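Here the structure comes first, spelled out in structure tokens, and everything after it is commentary.
The values are calculated or read from the model by the stated rules, or taken from the named source; none is laboratory data. Small disclaimer: the values here were computed from a predicted structure and weren't measured. For neighbour counting, all protein chains shown are included, and Cβ atoms are generated from backbone atoms with ideal geometry for every residue, glycine included. Keep in mind that these areas ignore ligands, DNA and RNA; they rest on the heavy atoms of the full protein, side chains included. Shrake-Rupley method; radii C 1.70, N 1.55, O 1.52, S 1.80 Å.
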Amino acid sequence: GAVVSQHPSWVICKSGTSVKIECRSLDFQATTMFWYRQFPKQSLMLMATSNEGSKATYEQGVEKDKFLINHASLTLSTLTVTSAHPEDSSFYICSARTSGSQFFGPGTRLTVL
Amino acid sequence: GESVGLHLPTLSVQEGDNSIINCAYSNSASDYFIWYKQESGKGPQFIIDIRSNMDKRQGQRVTVLLNKTVKHLSLQIAATQPGDSAVYFCAEMRNSGYALNFGKGTSLLVTP
């Protein structure tokens, strides 16, 4: 079946530093990848839609200069949280779309001290 | 904005009983719905989906019902097992772009 991986699975960083999270589709090519954020005991909220070779489309209220998304190939999208602050601590989950189906990664737990 | 929501935030059932998780949606134009299971610290896992041209779809131990008249869908789990304990989300696919709007989630706890 289609597998999506994320790296790292968890990261702890100091306030003000930048963190990069990778999302890979391991056995299929994904023209579209999505980034979601999930705070404790809450639902998944879409942050942005990432299409290979083009700029990401951000949801209202999501700062594009803070959450940099790069989708350089059909199997890799990266999310960089720049100048992270404690309020950015969350569970970041990506998904990849192919042939009408969407597959989710295992998530990355970010903790900003 | 339009959104997808859930009636019950928590549900506790005994092992072997049937579980019913409900979800209400507000976008009458939505035509594709999905139920996901999320275990603690993991990503969502696909359970079952349904398109708006259907009112019922069955899988292994799970059934999804869609009532377009009242914009409501439900997930039924037969003979609930301890491994079914998780948070369940309904999601609707946006009419454009294929992104998903998730409901608030229901925590299902299966007791022995």
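Inspect all residues belonging to the stretch A:93-112 and state whether any of them is open to solvent by 30 Å² or more (accessible area, probe 1.4 Å), among the hydroxyl-bearing types (Ser, Thr, Tyr) and modelled with pLDDT of 95 or more. Scanning the stretch A:93-112 turns up at least one residue that is open to solvent by 30 Å² or more (accessible area, probe 1.4 Å), among the hydroxyl-bearing types (Ser, Thr, Tyr) and modelled with pLDDT of 95 or more. If the condition is being surrounded by fewer than 19 Cβ atoms within 10 Å (Cβ to Cβ) and at the interface with chain B (Cβ under 10 Å from one of its Cβ atoms), then the stretch A:6-30 contributes A:9, A:10. Selection of the stretch A:79-92 for residues being in a strand (DSSP E or B), surrounded by 20 or more Cβ atoms within 10 Å (Cβ to Cβ) and away from chain B (no Cβ under 14 Å) yields A:79, A:81.
Residues in the stretch A:31-47 that are at the interface with chain B (Cβ under 9 Å from one of its Cβ atoms) and either in contact with a Leu (Cβ under 6 Å, 6 or more places away or on another chain) or under 18 Å from residue A:90 (Cα atoms) (or both): A:34, A:36, A:38, A:41, A:42, A:43, A:44, A:45, A:46.
When the residues of the stretch B:53-99 are filtered to those that are touching a Pro at 6+ places or on another chain (Cβ under 9 Å) and open to solvent by less than 40 Å² (accessible area, probe 1.4 Å), the one that is nearest to the other protein chains (Cβ to nearest Cβ) is B:89. Restricting attention to the stretch B:14-37, does a residue exist that is within 14 Å of chain A (Cβ to nearest Cβ), modelled with pLDDT of 95 or more and open to solvent by 20 Å² or more (accessible area, probe 1.4 Å)? The answer is yes, given that some residue of the stretch B:14-37 is within 14 Å of chain A (Cβ to nearest Cβ), modelled with pLDDT of 95 or more and open to solvent by 20 Å² or more (accessible area, probe 1.4 Å).
Do we have any residue at all in the stretch A:55-78 that's out of contact with any strand residue (DSSP E or B) (no Cβ under 8 Å at 6 or more places or on another chain), within 11 Å of chain B (Cβ to nearest Cβ) and closer than 28 Å to residue B:95 by Cβ? Yes, that holds for at least one residue. Residue A:35 passes every criterion in (1) under 12 Å from the mean Cα position of the chain (by Cα); (2) open to solvent by 10 Å² or more (accessible area, probe 1.4 Å) apart from (2). The residues of the stretch B:100-112 that are within 10 Å of another protein chain (Cβ to nearest Cβ) and either of a type in the set (Val, Ile, Thr) or under 10 Å from residue A:43 (Cβ atoms) (or both), listed by number, are B:101, B:102, B:103, B:104, B:105. Residues that are among the basic types (Lys, Arg) and part of a strand (DSSP E or B) within the stretch B:24-46 comprise just one, B:37. Being of a type in the set (S, T, N, Q), under 30 Å from residue B:86 (Cα atoms) and more than 12 Å from chain B (Cβ to nearest Cβ) is not true of residue A:101. Here residue A:110 meets the list (1) in a strand (DSSP E or B); (2) hydrophobic (A, V, I, L, M, F, W, C); (3) without any contact (Cβ under 8 Å) to a residue 40 or more places away in the chain almost entirely, failing just condition (3). Somewhere in the stretch A:28-41, is a residue closer than 27 Å to residue B:106 by Cβ and among the polar types (S, T, N, Q)? Yes, the stretch A:28-41 has at least one match.
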